[in-house]
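Here is the structure we will look at.
The values are calculated or read from the model by the stated rules, or taken from the named source; none is laboratory data. This structure is a prediction, so every number in the text was calculated from the model and none was measured. Positions of Cβ are generated from backbone atoms using ideal geometry, with glycine treated the same way; all protein chains shown enter the neighbour counts. When the accessible area is computed, the model is the full protein with side chains, heavy atoms only, and any ligands, DNA or RNA have been set aside. Shrake-Rupley method; radii C 1.70, N 1.55, O 1.52, S 1.80 Å.
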Amino acid sequence: MTYSQLFTTLRSFVLLGLVACGLASCEKEPVDTYYQLQSEPGLALLGANVTTITKYAPSETITIFMGYNQTDQVRDFTIFQVVANQDSMVVGTYPVNNPFVDPTSKLLIQPIEYVVPANLANKTAVRVDVTTNFTNGGSRMRRFTYNVAAAPTLKLAATAPVTYRNGLAATAQSANDLIGYSLVINEGGIATVPTTPSTSTLFKAVDSLSYFYQIGTQTPVRIGSVRNPTTGAANTRTIDLRVPAAATTGQSVQFVFVTYSKPAPSSQPYAASVVTPAITVAAQTPLPTVRRGSVSFGPGSSPDSLAFNLKLGQNEAAANAATAKDLIATGSTATSVTLAAGNTTRVFQVPASLVPATYYAQSSANTVGNFVFQNTLVADLGSAVVGNVYAVKVRGTAEVMLLRITGVRLGTNSSIARVKFEYRSL
């Protein structure tokens, strides 16, 4: 049979089939009676609050917000839970119960409370499927996932938990003194689940670290806070706080630190707190020792008069080691005499706005200690000017002094330049 004959034969079978169908009055097969066609189910939206949070603590109650059109006929909501890729289980079915209208989207919002299982291990992965069921038999499913994480922890650091910034002892702290507290948030923690097995603890993110002072048994007063100090990982940070000005000598003062972790859908905050050891507010420590000295520079001056030892209150011999030379005359011109530290002693010139007539005479070790901590210290005093006042940190230690220039004699090519000063110390 040729290709032409084969094509003619096939066309004849098709035509015969069409004729036979017409003679038998062919109809479409009726709809299967085992099911009924339904209209498209309504709208179902899962609130963004649970889709943006990825960690929840055991037993934490989460409020799930389901949105739908006011014209939708919603029957109820079903929550399914899948733990660590195991079989899903029904957590519960929740009827429509007093939904509220979102003023922006005009959707009805149904809050549903879901509780994280209490017995799940840290870092366990959980999937939650929320199904909106309509009265016409249709349904829509929305889901979110999370990992089980520990509630935040907070403690004072094991080493150097408290640092008194003025360099004085704990018993010498007075009103307005600065104290540094070293805190550890989520010790040993991580922020995300690692790809390889880990013994580290997955922690919830910390939304804020707040701090308060408490005088005696009075109500704690909030001082301030740090926002989002960690996404969950361990974080050691130091917070400097002032002894409250309202505290008087003899009163007890404590500081309270509190971390908060409260994601938007959570119905309860997770907080951890630590209370610092109490300090008894003391009177300010005076700088009672007053000494005077001078340094000189230029032709004819003694080499042993160039440097001064502030700790001993005397000029330091030129042959002695530089470690004891706290103040040296480094140069002289017809208009100035310059000074600098010859060792690790450092200074900060107190601004003129802070140098009233009583500043030098009345400032305490507390005041000077706080001042040197808060400012950048340098080795060079620069050109000596009568009345200049310098806060001094002696040789890298906690010892502080307050030095004032009392006299300047300019030198020439044939005369000696000299700077006189006095200083107060413990």
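Summary table
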read-out: Pairwise label distance in nanometres, residue 311 with residue 330, each label 7 Å out on the Cα-Cβ vector; value: 2.2 nm
read-out: Evaluated at q = 0.10, 0.11, 0.21 Å⁻¹: base-10 log I(q)/I(0), Debye formula over Cα of the range 296-426; value: -0.30, -0.36, -1.25
read-out: Total charge dipole magnitude, the range 141-296, about the Cα centre, Cβ charges on Lys, Arg, Asp, Glu only, Debye to nearest 20; value: 260 debye
read-out: Choice from 86, 70, 374 with maximal GNM fluctuation in the chain (Cα, 10 Å cutoff); value: 86
read-out: Length gained when the stretch residue 359-residue 163 is fully extended (0.36 nm per residue, less Cα-Cα span); value: 68.0 nm
read-out: The chain, relative contact order [Cα under 8 Å, separation at least 6], %; value: 12 percent
read-out: Label point distance in nm, residue 118-residue 304, each placed 7 Å from Cα along Cα→Cβ; value: 8.3 nm
read-out: Full-stretch length increase - residue 380, residue 398 - with 0.36 nm per residue and alpha-carbon distance subtracted; value: 4.5 nm
read-out: Charge dipole of the range 231-321 about the Cα centre (unit charges at C-beta), most positive-ward option of 247, 283, 307; value: 247
read-out: Per residue, in Å², the accessible surface of the range 205-289 once ligands and nucleic acids are set aside, probe 1.4 Å; value: 49 Å²
read-out: Normalised contact order of the range 101-213, rounded percent, pairs of Cα under 8 Å and 6 or more residues apart; value: 22 percent
read-out: Inter-label distance for residue 176 and residue 320, nm, one decimal - labels placed 7 Å from Cα along Cα-to-Cβ; value: 3.5 nm
read-out: Share of pairwise Cα separations in the range 76-126, more than 18 Å, in percent; value: 48 percent
read-out: For the range 304-373, average projected area of the Cα convex hull in nm²; value: 6.2 nm²
read-out: Charge-dipole axis of the chain as Lys and Arg at +1 and Asp and Glu at -1 on Cβ define it, positive-most pick from 357, 320, 144; value: 320
read-out: Average accessible area per residue (Å²) across the range 299-403 - probe 1.4 Å, nucleic acids and ligands excluded; value: 44 Å²
read-out: Computed helical MRE - 222 nm, the chain, DSSP H runs ≥ 4 contributing -39500 (n - 2.57), nearest 500; value: -2500 deg cm²/dmol
read-out: Apportionment of accessible area to carbon and sulfur, the range 362-417, percent (1.4 Å); value: 51 percent
read-out: Whole-Hz ³J(HN,Hα) from phi, Karplus 6.51 cos²θ - 1.76 cosθ + 1.60, for the range 78-90, glycine and proline x; value: 10, 10, 10, 10, 10, 9, 6, 6, 7, 4, 6, 9, 7
read-out: Length released on extending from residue 87 to residue 283, taking residue separation times 0.36 nm less the Cα-Cα span; value: 63.7 nm
read-out: Test item: Cα-centred dipole of the range 57-127, Lys/Arg +1 and Asp/Glu -1 on Cβ, debye; value: 120 debye
read-out: Contact order relative to length of the range 120-166, as percent, for alpha carbon pairs under 8 angstrom and 6 or more apart; value: 37 percent
read-out: Alpha carbon convex hull of the range 54-194, volume per residue in cubic angstrom; value: 199 Å³
read-out: Dipole of the chain, positive end: most advanced residue of 387, 410, 108 [Cβ charges, Cα centre]; value: 410
read-out: 19 Å Cα cut-off, lysine pairs counted over the chain (separation 8 or more, or different chains); value: 12
read-out: Crossing angle, helix 365-374 versus the chain [Cα axis fit, 0-90 degrees, rounded to tens]; value: 50 degrees
read-out: At 0.692 mPa s and 37 °C, Stokes diffusion of the chain via Kirkwood alpha-carbon radius, µm² per second; value: 112 µm²/s
read-out: Within the chain: Cβ-based charge dipole about Cα centre, in debye rounded to nearest 20 (Lys, Arg +1; Asp, Glu -1); value: 1620 debye
